[in-house]
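Enquirer: Here you go, one structure.
The values are calculated or read from the model by the stated rules, or taken from the named source; none is laboratory data. Nothing here was measured: the structure is a model prediction, and the numbers come from that model. Glycine gets a Cβ as well: all are built from the backbone with ideal geometry, and neighbour counts include every protein chain shown.
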Amino acid sequence: MEKIKNYINGEWVESKSTQILDVENPGTGEILAQVPMSTKEEVNLAVKTAKEAQEKLREESVLKRVQYFYKLRDLVEKNLEDISTVLTKEHGKTLEESRGEMKRLLQNIESSFGVSSLIQGKILPNIASGIDEYFVREPLGVFAHIPPFNFPAMISFWYLPYAIACGNSFIVKPSEQCPLTMNRIFELIDKVGFPEGVLGLVNGGREVVDVLLEHPDIAGICSVTSTPTAKNIYTKGSSFGKRMCCQGGAKNFVFVSENCVLEKSTPNIIDSVYGNANQRCMAGSNVVAIKGIYEKLKEELVKAAKNIKVGYGLEPETTMGPLISAKAKEKVLQYIETGIKEGAKLVLDGRNIKVEKYPRGHYLGPCIFDEVEPEMTIAKEEIFGPVMMILRVQNLEEAIKMANRSKFGNAAILYSSLGKEANEFEKKIECFCLGINIGLPAPIAWFPFSGGKDSFFGVLHGQLPDVIDFFTNKKAVIKRWF
């Protein structure tokens, strides 16, 4: 059984921790590897070597720092299928979904190539007689990332390439549920020839996170977690004076207007709700039928959901894989029971689905609740499983007010062919990643991965252009010569 190692100071190091967790394939129940919960001393060593490496890296030309990522891009492209397979095995998502995640990772690597133009300062000559003023950007030091299990490859790369290109060093603490994908990527990072210590990988759980949050040599933390965890990380990290960028959970509303093109909207909604088994913060959840479209929409959604093929992610016919763990599945089942008790009608019940070849997998079929009211638990809380809620309103204004009452502010989606409705939606909704006839409004690398309310804690978001400000300080200089 493979025991995953840490990557510290450019070397693979076996952890001395006696606390070891199994890494399970959620589709088969097979144990893939073991991951150590690293010690405080190991985290401290990673930070120490990262700090020493950063002091040298900042003196390198930004052009040279970017060059490392050209080689990494090529290595990832050559190994994309292998990494995607590892990702599917440890997470459960379909192979096609894993490939899509890796393509987004590559997109962020490629967008970092332009940091040399984005990191430039500004100058204003002659602010007074003989006096010039300008600012330059400087790196801050060592940053760390706490990624989630649901996108174990992509999300670290909302930050990692930009941090290095800006002259900082960077430590990743992978999810203990899905550490193998990042481990595989770091094997490629090891081949690139980054300066020793600039990039580190430390496995572990909450104890490792606490050490990073408290460490005086960590300048900032990026994380993507559930809302309660994000709030705790943000609060603690901020109390230690760190820059914080903490993405939280979501409860995303999907508005369906009478004026939509239903035959094209339906498959898009289905992918939004059931892609990645709904284990993503951008997934649709509350589908809101506006006035007269309700009956036809419900009929089409139920019919389409019944055609989803649940199974092992490496089998080509599978369109939805398992949940990440038995614990995660049990949590979703509890939400389904709560919905029934509160009076919602379960018009599609996926609880009894069987995947005969893989009886130990954590499979749950698509579920749809009808007659859902906004005050119900299932309409307010993040379920993180393949459960759709259908709600009814009389007009778009009512739908927007319903969504704005939610504590979350990650994403919202409108299906309509009327520009007037799209404009009203865009101006009035209190969410920050919007889709108009797009079921998954996840920004590409050149746009910030926004979020608000209880879906985000911080000021600057992941991806460009926000990360440039996050990973640098502006040093203002006012100068004259006598």
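Enquirer: State all residues of segment 438-482 that are in a loop (DSSP other than H, G, I, E, B), over 13 Å from the mean Cα position of the chain (by Cα) and surrounded by fewer than 16 Cβ atoms within 10 Å (Cβ to Cβ); if no residue qualifies, say none.
Expert: ILE438, TRP446, PHE447, VAL459, PRO465, ARG480, TRP481, PHE482
Enquirer: Now a separate question. Given the structure, is LEU32 touching a Lys or Arg at 6+ places or on another chain (Cβ under 8 Å), closer than 25 Å to ARG104 by Cβ and in a helix (DSSP H, G or I)?
Expert: Answer is no for this residue.
Each row is one residue, and each column tells you yes or no for (1) over 22 Å from PRO465 (Cβ atoms); (2) in contact with a helix residue (DSSP H, G or I) (Cβ under 8 Å, 6 or more places away or on another chain); (3) not in a strand (DSSP E or B); (4) not acidic (Asp, Glu).
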{"position": "GLU133", "(1), (2), (3), (4)": "yes, no, no, no"}
{"position": "GLU138", "(1), (2), (3), (4)": "no, no, no, no"}
{"position": "PHE143", "(1), (2), (3), (4)": "no, yes, no, yes"}
{"position": "PHE149", "(1), (2), (3), (4)": "yes, yes, yes, yes"}
{"position": "SER156", "(1), (2), (3), (4)": "no, yes, yes, yes"}
{"position": "PRO161", "(1), (2), (3), (4)": "no, yes, yes, yes"}
{"position": "ILE164", "(1), (2), (3), (4)": "no, yes, yes, yes"}
{"position": "GLY167", "(1), (2), (3), (4)": "no, yes, yes, yes"}
{"position": "PRO174", "(1), (2), (3), (4)": "yes, yes, yes, yes"}
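Enquirer: The conditions are (1) touching a residue at least 60 places away in the same chain (Cβ under 8 Å); (2) under 29 Å from PRO161 (Cβ atoms); (3) touching a strand residue (DSSP E or B) at 6+ places or on another chain (Cβ under 7 Å), and ILE478 fails exactly one of them. Which is it?
Expert: All conditions are met except number (2).
Enquirer: From GLU97, GLU138, grab the single residue that is more than 16 Å from the chain's Cα centre (by Cα), of a type in the set (D, E, K, R) and in the same structural domain as GLY167 (by TED's automatic domain parsing).
Expert: Answer to the check: GLU138.
Enquirer: Kindly check whether there is at least one residue in segment 253-271 that is closer than 29 Å to LEU21 by Cα and under 18 Å from the mean Cα position of the chain (by Cα). Working first, answer last.
Expert: The initial filter retains those residues of segment 253-271 that are closer than 29 Å to LEU21 by Cα, namely none.
Within segment 253-271, not a single residue is closer than 29 Å to LEU21 by Cα and under 18 Å from the mean Cα position of the chain (by Cα).
Enquirer: Continuing with the same structure: Evaluate the following for THR49: is it crowded, with 17+ Cβ neighbours inside 10 Å, closer than 22 Å to PHE149 by Cα and either assigned by TED's automatic domain parsing to the domain that holds THR94 or touching a Gly at 6+ places or on another chain (Cβ under 9 Å) (or both)?
Expert: It is false that THR49 is crowded, with 17+ Cβ neighbours inside 10 Å, closer than 22 Å to PHE149 by Cα and either assigned by TED's automatic domain parsing to the domain that holds THR94 or touching a Gly at 6+ places or on another chain (Cβ under 9 Å) (or both).
Enquirer: With respect to ALA230, determine if the residue is crowded, with 24+ Cβ neighbours inside 10 Å, over 27 Å from SER38 (Cα atoms) and modelled with pLDDT of 95 or more.
Expert: It is false that ALA230 is crowded, with 24+ Cβ neighbours inside 10 Å, over 27 Å from SER38 (Cα atoms) and modelled with pLDDT of 95 or more.
Enquirer: Does any residue in segment 52-76 that is buried (at least 21 other Cβ atoms within 10 Å of the Cβ) come within less than 6 Å, Cβ to Cβ, of a residue that is hydroxyl-bearing (Ser, Thr, Tyr) six or more places away or on a different chain, and which pairs are these?
Expert: From residues that are buried (at least 21 other Cβ atoms within 10 Å of the Cβ), the pairs are ALA53/SER169; GLN54/SER169; PHE69/SER112.
Enquirer: Could you look through segment 384-437, keep only residues that are assigned to a helix (DSSP H, G or I) and among the basic types (Lys, Arg), and pick out the one that is nearest to SER257 (Cα to Cα)?
Expert: So the residue we want is LYS420.
Enquirer: Is one or more of the residues making up segment 342-358 in contact with a helix residue (DSSP H, G or I) (Cβ under 7 Å, 6 or more places away or on another chain), closer than 22 Å to GLU90 by Cα and either part of a loop (DSSP other than H, G, I, E, B) or not assigned by TED's automatic domain parsing to the domain that holds PHE384 (or both)?
Expert: No, segment 342-358 contains no residue that is in contact with a helix residue (DSSP H, G or I) (Cβ under 7 Å, 6 or more places away or on another chain), closer than 22 Å to GLU90 by Cα and either part of a loop (DSSP other than H, G, I, E, B) or not assigned by TED's automatic domain parsing to the domain that holds PHE384 (or both).
Enquirer: Let me ask you something else. Are any residues in segment 176-189 in a helix (DSSP H, G or I) and either without any contact (Cβ under 8 Å) to a residue 40 or more places away in the chain or out of contact with any helix residue (DSSP H, G or I) (no Cβ under 6 Å at 6 or more places or on another chain) (or both), and if so, which ones?
Expert: MET182, ASN183, ILE185, PHE186, GLU187, ILE189 - these are the residues of segment 176-189 that are in a helix (DSSP H, G or I) and either without any contact (Cβ under 8 Å) to a residue 40 or more places away in the chain or out of contact with any helix residue (DSSP H, G or I) (no Cβ under 6 Å at 6 or more places or on another chain) (or both).
Enquirer: Same structure, new question: Just to check your reading of the model, which residue among GLU317, GLU300, GLU295, GLU337 is in a loop (DSSP other than H, G, I, E, B) and farther than 13 Å from GLU97 by Cβ?
Expert: So the residue among GLU317, GLU300, GLU295, GLU337 that is in a loop (DSSP other than H, G, I, E, B) and farther than 13 Å from GLU97 by Cβ is GLU317.
Enquirer: If you check VAL13, VAL23, which single one turns out to be in the same structural domain as LEU106 (by TED's automatic domain parsing), hydrophobic (A, V, I, L, M, F, W, C), under 30 Å from SER325 (Cα atoms) and surrounded by fewer than 19 Cβ atoms within 10 Å (Cβ to Cβ)?
Expert: The unique qualifying residue is VAL13.
Enquirer: Can you say whether ILE353 is at pLDDT 95 or above and surrounded by fewer than 18 Cβ atoms within 10 Å (Cβ to Cβ), as far as the supplied structure shows?
Expert: So ILE353 passes the test.
Enquirer: For segment 363-371, check the following and say yes or no: at least one residue is outside the structural domain of ARG99 (by TED's automatic domain parsing) and either at pLDDT below 95 or over 30 Å from ASN25 (Cα atoms) (or both).
Expert: Yes, that holds for at least one residue.
Enquirer: Still on this structure, please answer the following. Out of all the residues in segment 93-108, is one or more touching a residue at least 40 places away in the same chain (Cβ under 8 Å), of a type in the set (A, V, I, L, M) and not in a helix (DSSP H, G or I)?
Expert: No, there is no match, as no residue in segment 93-108 is touching a residue at least 40 places away in the same chain (Cβ under 8 Å), of a type in the set (A, V, I, L, M) and not in a helix (DSSP H, G or I).
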